[in-house]
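A.B. asks: Structure in structure tokens, see below.
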Amino acid sequence: MAGVPQTTQDTSPISRETAAYNVLHMRRLLETTNILAEEAVGMSEDEQAAVNDSFLPLYRAIVALARSNLGLSSSDAQPLAPSFALDMGVIGPLYEVARHCRDPGLRRNIVHTLKLSNRQEGLLNSSTYAKIVETIIEIEETGLTEVKSSQDIPLRSRISQHCLSFDLQRFKHTISYKPLFGDSNEFLHREIPLP
């Protein structure tokens with residue numbers, strides 16, 4: 001597995017086998033949340049939001065596994081040395097958690113982790129995805145006074161069905177999304193400048 005996790009002064013390096021197991025475990029946890037979310041499709045939007053918010057312990061476990069693979073401790077503040085991996089590792093799972101989880105603390109932890117990781121995994125760049133997650137946070141929290149938990153983000157502020165388009169020639173990305181609550185069938189668009 002390419003891109004062996006970096007080490008820091010506060011953590012010990014993990015073996016390739018442990019790193020591979022962590023990636024597999026992250027994917028399984030994400031599959032679990034996806035299966036449970038699909039079972040809630042027939043519920044009201046309020047109930048679906050409550051089900052999704054209940055996955056917070058699983059989301060925290062995914063972020064902890066990603067930080068372990070990167071060799072990051074809770075006190076790390078300096079970016080790691082640049083690293084490259086051909087295979088998918090932590091960027092994809094961190095992004096998936098950030099786009100489904102509305103917990104403000106965990107989302108900001110993900111942004112911080114992506115910025116510190118300084119990674120390129122195939123076509124995924126950690127700095128770019130940090131900017132994407134920051135944009136999602138901004139969209140969902142704009143106009144809200146105090147956001148201390150996912151319950152503080154009402155349905156009218158949440159987005160769904162978002163997708164990304166990348167324009168490397170113009171050095172920008174676009175996130176397209178629909179509000180979770182409401183009958184609008186049109187996508188809204190927000191440009192994200194490259195970091």
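A.B. asks: Among the residues of region 35-56 satisfying the criterion of being of a type in the set (Gly, Ala, Ser) and in a loop (DSSP other than H, G, I, E, B), which is surrounded by the fewest Cβ atoms within 10 Å (Cβ to Cβ)?
C.D. replies: Applying the filter and picking the extreme gives Gly42.
Yes or no, residue by residue, for (1) under 15 Å from Asn22 (Cβ atoms); (2) within 16 Å of the chain's Cα centre (by Cα); (3) buried (at least 21 other Cβ atoms within 10 Å of the Cβ):
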{"position": "Leu58", "(1), (2), (3)": "yes, yes, no"}
{"position": "Val63", "(1), (2), (3)": "yes, yes, yes"}
{"position": "Ser73", "(1), (2), (3)": "no, no, no"}
{"position": "Ala77", "(1), (2), (3)": "no, no, no"}
{"position": "Gly89", "(1), (2), (3)": "yes, yes, yes"}
{"position": "Gly105", "(1), (2), (3)": "no, yes, no"}
{"position": "Val111", "(1), (2), (3)": "no, yes, no"}
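A.B. asks: Now a separate question. Which pairs have Cβ atoms under 6 Å, sit 6 or more apart or on different chains, and link a residue in region 31-59 that is closer than 14 Å to Val97 by Cα and touching a residue at least 12 places away in the same chain (Cβ under 8 Å) to one that is among the aromatic types (Phe, Trp, Tyr) and surrounded by 13 or more Cβ atoms within 10 Å (Cβ to Cβ)?
C.D. replies: From residues that are closer than 14 Å to Val97 by Cα and touching a residue at least 12 places away in the same chain (Cβ under 8 Å), the pairs are Thr33/Phe55.
A.B. asks: Of all residues in region 34-53, how many are of a type outside the set (Asp, Glu) and either in contact with a strand residue (DSSP E or B) (Cβ under 9 Å, 6 or more places away or on another chain) or closer than 21 Å to Val111 by Cα (or both)?
C.D. replies: Total meeting the criteria: 1.
A.B. asks: Looking at the structure I just gave you, is Gln161 on the phi > 0 side of the Ramachandran plot, surrounded by fewer than 19 Cβ atoms within 10 Å (Cβ to Cβ) and modelled with pLDDT under 90?
C.D. replies: Yes; evaluated as a whole, the condition is true for this residue.
A.B. asks: Within region 176-195, can you find the residues that are at pLDDT 85 or above and more than 23 Å from Gln48 (Cα to Cα)?
C.D. replies: Result: His189, Arg190, Glu191, Ile192.
A.B. asks: Only one residue in Glu146, Glu140 is under 25 Å from Arg60 (Cβ atoms) and surrounded by 19 or more Cβ atoms within 10 Å (Cβ to Cβ). Which one?
C.D. replies: Glu140 is the lone residue from the list that is under 25 Å from Arg60 (Cβ atoms) and surrounded by 19 or more Cβ atoms within 10 Å (Cβ to Cβ).
A.B. asks: On the basis of being surrounded by 15 or more Cβ atoms within 10 Å (Cβ to Cβ), among the aromatic types (Phe, Trp, Tyr) and more than 14 Å from Cys101 (Cβ to Cβ), does Phe171 make the cut?
C.D. replies: no
A.B. asks: Would you mention how many residues in region 14-56 are charged (D, E, K, R), within 19 Å of Gln161 (Cβ to Cβ) and within 16 Å of the chain's Cα centre (by Cα)?
C.D. replies: 1
A.B. asks: If we keep just the residues of region 116-131 that are closer than 22 Å to Asp76 by Cα and either among the hydrophobic types (A, V, I, L, M, F, W, C) or in contact with a Ser or Thr (Cβ under 8 Å, 6 or more places away or on another chain) (or both), which is surrounded by the most Cβ atoms within 10 Å (Cβ to Cβ)?
C.D. replies: Ser117
A.B. asks: Check His173 against each of (1) at pLDDT 95 or above; (2) touching a Phe, Trp or Tyr at 6+ places or on another chain (Cβ under 6 Å) and name the one condition it does not meet.
C.D. replies: Exception for His173: condition (1).
The values are calculated or read from the model by the stated rules, or taken from the named source; none is laboratory data. From a predicted model like this one, the values you see are computed outputs, not experimental measurements. FYI the Cβ positions are ideal-geometry reconstructions off the backbone, even for glycines, and counts take in every protein chain you see.
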